[in-house]
């Protein structure tokens, strides 16, 4: 189901989290659970993965992750502001120490002015769930729907290593 590079990345994230005794949660929109799927493809991932939220609609983002209606109205579902609230919400809801979020337009349709197909926003949150450290990024990815989604999964997991891992060693 997943290629060797994807599985190797997931295993690396698992080692990183497990050695630091951190649990991961995911909050996914455009990736539809692929982050959680790749993570749980690794045997023993229950030692470092708590849960995943697939929040495809705005209503789900608000109900499960606490994304504010005002954020969605002002910035849209595909925005760094929404990605930040998704990641922070997953951190709170799961009781994990690290969370990652994805929200974007995988295509082939769905583009709007200023938000083309392939635009994906990411969020990473860690630390105190009441006042988490949060980082975001936006990438414009090329390829078909499957390619955009898989590239997004890789960016999300690499971000755990780069952003959380670069936050003072322990990461959270």
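Values for this structure:
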{"read-out": "Dimensionless Rg over Rh [segment 4-164; C-alpha; Kirkwood]", "value": "0.95"}
{"read-out": "135, 163, 15 arranged by Cβ crowding within 10 Å, fewest neighbours leading", "value": "15, 135, 163"}
{"read-out": "Full-extension gain in nm, residue 70 to residue 8, via 0.36 nm per residue minus C-alpha separation", "value": "18.4 nm"}
{"read-out": "Average silhouette area of segment 73-172, convex hull of alpha-carbon atoms, in square nanometres", "value": "6.4"}
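Just so you know, all these numbers are worked out from the coordinates, no wet-lab data involved. Everything quoted here is computed from the prediction, not taken from an experiment. Neighbour counts are summed over all protein chains in view; Cβ atoms, including those assigned to glycine, are modelled from backbone coordinates with ideal geometry.
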